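Notes follow once the structure below has been shown.
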Amino acid sequence: MLPRMVSRPPVKRSRVTRYGVARVISKRGLASRAQAAQWVREGRVRVNGKAVHDPQFPVRPGLDRIDIDGQESLTAPRLVLMLNKPRGLVTTRQDERGRDTVYRCFTDAHLPWLAPVGRLDKASEGLLLFCNDPVWAARLSDPSTGPAKTYHVQVDCLPDKSLLAAIAHGVDLDGEHLGALAVRALRSGKRNAWLELVLKAGRNRQIRRLLAAFDVSVLRLVRVAVGPLPLGALPKGNWRMLSPSEVASL
């Protein structure tokens, strides 16, 4: 009698995700992706002992060894700093129009690679974070996972309670809803006032566009807090590293 044949389910092979080598270097907090790509093209990067020149060369994070200038590229410790951004600086490393950037504030600091966490436009000032961990920075910037941000805004009028309520409720503009989690008056003079606005999302020029919808012009805009982290007494144009407890609070 012939033995009974037992069918076995096919063996499922686990798929290992591969990423471009420049992307992996960037995710490890060692450089921007553009800078990492330049290192690869210059022949400074080896994967498993072999020189590679294509920034998109596929590697398996955690399995393949990546060396830069003969040294193994390990994930850099997370560094986060806050800058009190002055007005007139753009939030980018290099500006194609030759304008001063926020990196002017770090000229003599000898810092490792750090990228802005979100942005403040040229005319805005206040608390701007920088970090060398792109994944952490993306979570912090995402409205669904990141903290709310608090702004103090000087406006060219004396808003009453009904206008403050309308600003908080927001408007639909260009296919998106612009509003605030909270709006309150801080102080006022004869012709203008300071408001506090709390936002969850950080759309491009959101506060200026929101207030303009109510014929209110912004005279000054200062970010004073990100979540529980206040700008405090940090002088304009200065920066400091965050403590581990401050980073954890975010």
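Counting only strands (runs of 3 or more DSSP E) wholly contained in region 121-237, the ones carrying 2 or more residues that are within 30 Å of Lys27 (Cα to Cα) occupy 125-131, 149-155, 218-226.
Does Trp239 qualify as being farther than 18 Å from Val102 by Cβ, crowded, with 16+ Cβ neighbours inside 10 Å and at pLDDT 95 or above? Spell out the reasoning first.
Values: farther than 18 Å from Val102 by Cβ: no; crowded, with 16+ Cβ neighbours inside 10 Å: yes; at pLDDT 95 or above: yes.
No, not satisfied.
For region 19-33, taking the residues that are at pLDDT below 85 and over 17 Å from the mean Cα position of the chain (by Cα), the one that is surrounded by the most Cβ atoms within 10 Å (Cβ to Cβ) is identified as Ile25.
Any residue at all in region 81-96 that's of a type in the set (Lys, Arg) and assigned to a strand (DSSP E or B)? Even if it seems obvious, please write down each step before you answer.
First pass over region 81-96, keeping only residues of a type in the set (Lys, Arg): 85, 87, 93.
Among the residues that remain, those that are also assigned to a strand (DSSP E or B) are: 85.
Within region 81-96, one or more residues are of a type in the set (Lys, Arg) and assigned to a strand (DSSP E or B).
All told, Arg99 falls short of being crowded, with 16+ Cβ neighbours inside 10 Å and under 27 Å from Leu120 (Cβ atoms).
Taking the options Gly170, Gly179, name whichever one is surrounded by 13 or more Cβ atoms within 10 Å (Cβ to Cβ), on the phi > 0 side of the Ramachandran plot and at pLDDT below 95.
Numbers: Gly179 fails: on the phi > 0 side of the Ramachandran plot.
Unique residue meeting the criteria: Gly170.
Rundown of residues vs (1) closer than 17 Å to Leu81 by Cβ; (2) of a type outside the set (A, V, I, L, M); (3) surrounded by 13 or more Cβ atoms within 10 Å (Cβ to Cβ), yes/no style:
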site	(1), (2), (3)
Trp194	no, yes, yes
Leu197	no, no, yes
Arg203	no, yes, yes
Asp215	no, yes, no
Leu250	yes, no, yes
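Anything in region 121-138 that is among the hydrophobic types (A, V, I, L, M, F, W, C) and in contact (Cβ under 8 Å) with a residue 40 or more places away in the chain? List them, or say none.
If we filter region 121-138 for residues that are among the hydrophobic types (A, V, I, L, M, F, W, C), which is where we start, we get 123, 127-131, 135-138.
The answer is Ala123, Leu127, Leu128, Leu129, Phe130, Cys131, Val135, Trp136.
If we scan region 143-160, do we find a residue that is crowded, with 17+ Cβ neighbours inside 10 Å, touching a residue at least 12 places away in the same chain (Cβ under 8 Å), on the phi > 0 side of the Ramachandran plot and not charged (D, E, K, R)? No: zero hits.
I'm trying to understand the selection: among the residues of region 101-120, which are aromatic (Phe, Trp, Tyr) and either without any contact (Cβ under 8 Å) to a residue 12 or more places away in the chain or outside any helix (DSSP H, G or I) (or both)?
First, the residues of region 101-120 that are aromatic (Phe, Trp, Tyr): 103, 106, 113.
Correct list: Tyr103, Trp113.
The values are calculated or read from the model by the stated rules, or taken from the named source; none is laboratory data. Not measured: the values here are computed from a predicted model. Cβ coordinates were reconstructed from backbone atoms using ideal geometry, including for glycine residues, and neighbour counts include every protein chain displayed.
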